[in-house]
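In what follows, a structure is listed as structure tokens, so that the remarks can point back to it.
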Amino acid sequence: MTDDNVGLTGADVDWDAQAASFDDEPDHGLRDPEVRRAWAGRLASWLPARASDVLDLGCGTGSLSLLAAEQGHRVTGVDASPAMVGRARAKLAGRDAVFLTGDAAAPPVGEQRFDVVLVRHVLWALPGPGRALRHWRGLLRPGGRLVLVEGVWGTVAPVGIPADVLTGLLAPLVTGEVRVERLSGETALWGREVADERYAVVALV
């Protein structure tokens, strides 16, 4: 999510057209070493310590998928944009990762189940976030976890999902710990200071 996209819904954005410049945003491409280290550290704290099967939904160009693969996890990425998927496949060539073109709300993974469903800046763009969460919960193995990075972007015409709304949607779906980490003040994650609400929720099922 960039400032240029504030006020838009996910359906308004041509993600294929965005693919070529998507990684120019510091927290998308993770090209700056400090930003990359910040995301790698957060991801390591959110994902299991053991090698796990991670489903990265709305994976974009695969930057978080790459960090997860570098930490020893097996990654399946899904994105609706064929151009994004193509860039993710190139970025993770030779690694234990598979990328599929499909709907993040109902990913085309068949009967496969995962230890982690990882979703960054996607839930806000879906027409039925509660329905998507229920579906994602069903893709997890017993003892799995949802890792959801979301926020409310912009101040004039804000879009997104506040943390309290997201935790409310999760309440009937999970029986384990639900942890909220506030990320707005972590400038290293964004490559700049931000004034809006940004957070991560880690929910154990």
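Only residues that are out of contact with any Leu (no Cβ under 6 Å at 6 or more places or on another chain), in contact (Cβ under 8 Å) with a residue 40 or more places away in the chain and farther than 17 Å from VAL205 by Cα were counted in segment 40-59, giving 4.
Do we have ALA11 as part of a helix (DSSP H, G or I), at pLDDT below 85 and open to solvent by 60 Å² or more (accessible area, probe 1.4 Å) here? Considered against the rule, which asks whether it is part of a helix (DSSP H, G or I), at pLDDT below 85 and open to solvent by 60 Å² or more (accessible area, probe 1.4 Å), ALA11 comes out as yes.
What's the number of the only condition in (1) touching a Phe, Trp or Tyr at 6+ places or on another chain (Cβ under 8 Å); (2) closer than 25 Å to VAL180 by Cα; (3) modelled with pLDDT of 95 or more; (4) of a type in the set (Gly, Ala, Ser) that ALA51 fails to meet? Of (1) touching a Phe, Trp or Tyr at 6+ places or on another chain (Cβ under 8 Å); (2) closer than 25 Å to VAL180 by Cα; (3) modelled with pLDDT of 95 or more; (4) of a type in the set (Gly, Ala, Ser), only one is false for ALA51: (1).
Pick out, from segment 86-160, the strands (runs of 3 or more DSSP E) lying fully within it that include 2 or more residues that are small (Gly, Ala, Ser). So that I can check it myself, show each step before the final result.
On the way: elements: 97-101, 114-120, 140-153.
The qualifying strands (runs of 3 or more DSSP E) are 140-153.
Exactly one residue out of VAL194, VAL202 is within 16 Å of HIS121 (Cα to Cα), in contact with a Lys or Arg (Cβ under 6 Å, 6 or more places away or on another chain) and not hydroxyl-bearing (Ser, Thr, Tyr): that is VAL202. The residues of segment 142-159 that are surrounded by 13 or more Cβ atoms within 10 Å (Cβ to Cβ) and either within 21 Å of SER45 (Cα to Cα) or at pLDDT 95 or above (or both), listed by number, are GLY144, ARG145, LEU146, VAL147, LEU148, VAL149, GLU150, GLY151, VAL152.
The values are calculated or read from the model by the stated rules, or taken from the named source; none is laboratory data. This is a predicted model, so every value here is computed, not measured. Backbone-built Cβ (ideal geometry, glycine too); neighbour counts: all protein chains shown. Ligands, DNA and RNA are excluded from the accessible area calculation, which covers all protein heavy atoms including side chains. Shrake-Rupley method; radii C 1.70, N 1.55, O 1.52, S 1.80 Å.
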